[in-house]
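Trainee: Supplied in structure tokens, the structure appears directly below.
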Amino acid sequence: DRIILLASIIVFAPLFEEIFFRGYVFRNLRDKWGSVAAYWGSAFLFGMAHMDLHNLLPLTMIGFCLAYLYEHSGSLLVPIVVHGVWNSLTVMRVLTVMGD
């Protein structure tokens, strides 16, 4: 159970979220309204999708950075890997606090 949860957080969530938010949302917003709207629109939707109003601003900023990485690298692989590393560090921090 724990392995499946960790794989979901570290591998599958970044993969599917980046395909959706950068590969689909960002690209469509950029094509329709330009890069600035795409950065902020996809970042805000990314933040909102996590359903945590307390962390909306940091999540939105992470979404902005991931969009920037996607746009400037030209590859979804870059934000997928960075997102996975971010989630890994977050999991380690939570487990440390929990004493697990």
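The values are calculated or read from the model by the stated rules, or taken from the named source; none is laboratory data. Since we're looking at a predicted model, the values are computed, not measured. We place every Cβ from the backbone using ideal geometry, glycine too, and count neighbours over all the protein chains shown. In case anyone asks, the SASA skips ligands and DNA or RNA and just uses the protein heavy atoms, side chains included. Shrake-Rupley method; radii C 1.70, N 1.55, O 1.52, S 1.80 Å.
Trainee: Let me spell it out: the conditions are (1) in a helix (DSSP H, G or I); (2) without any contact (Cβ under 8 Å) to a residue 60 or more places away in the chain; (3) open to solvent by less than 80 Å² (accessible area, probe 1.4 Å), and ILE9 meets all of them except one. Which number is the exception?
Mentor: ILE9 satisfies all of (1) in a helix (DSSP H, G or I); (2) without any contact (Cβ under 8 Å) to a residue 60 or more places away in the chain; (3) open to solvent by less than 80 Å² (accessible area, probe 1.4 Å) except (2).
Trainee: Quick one: which residue in MET98, MET48, MET61 is surrounded by fewer than 17 Cβ atoms within 10 Å (Cβ to Cβ) and either at pLDDT below 95 or touching a Phe, Trp or Tyr at 6+ places or on another chain (Cβ under 6 Å) (or both)?
Mentor: Just a single option satisfies the conditions, and that option is MET98.
Trainee: List pairs: first residue in the stretch 23-35 and farther than 16 Å from LEU76 by Cβ and touching a residue at least 60 places away in the same chain (Cβ under 8 Å), second residue hydroxyl-bearing (Ser, Thr, Tyr) and not in a helix (DSSP H, G or I) anywhere in the structure, Cβ distance under 7 angstrom, at least six positions apart or on different chains.
Mentor: none
Trainee: Could you tell me whether SER42 is under 11 Å from the mean Cα position of the chain (by Cα), polar (S, T, N, Q) and open to solvent by less than 60 Å² (accessible area, probe 1.4 Å)?
Mentor: yes
Trainee: To continue, here is another question. Report every pair of residues separated by at least 6 positions or lying on different chains whose Cβ atoms are under 7 Å apart, first residue within the stretch 85-97 and under 16 Å from GLU17 (Cα atoms), second among the small types (Gly, Ala, Ser).
Mentor: ASN87/ALA13
Trainee: With the checklist (1) open to solvent by 70 Å² or more (accessible area, probe 1.4 Å); (2) at pLDDT below 95 in hand, flag the one item HIS72 doesn't pass.
Mentor: Here HIS72 clears every test but (2).
Trainee: Oh, and also: Would you pick out the residues in the stretch 12-22 that are open to solvent by less than 100 Å² (accessible area, probe 1.4 Å) and closer than 14 Å to VAL78 by Cα?
Mentor: PRO14, LEU15, GLU17, GLU18, ILE19, PHE21, ARG22
Trainee: Just a yes or no: is a residue in the stretch 50-62 more than 22 Å from SER8 (Cβ to Cβ), under 11 Å from the mean Cα position of the chain (by Cα) and assigned to a helix (DSSP H, G or I)?
Mentor: Yes, the stretch 50-62 contains a residue that is more than 22 Å from SER8 (Cβ to Cβ), under 11 Å from the mean Cα position of the chain (by Cα) and assigned to a helix (DSSP H, G or I).
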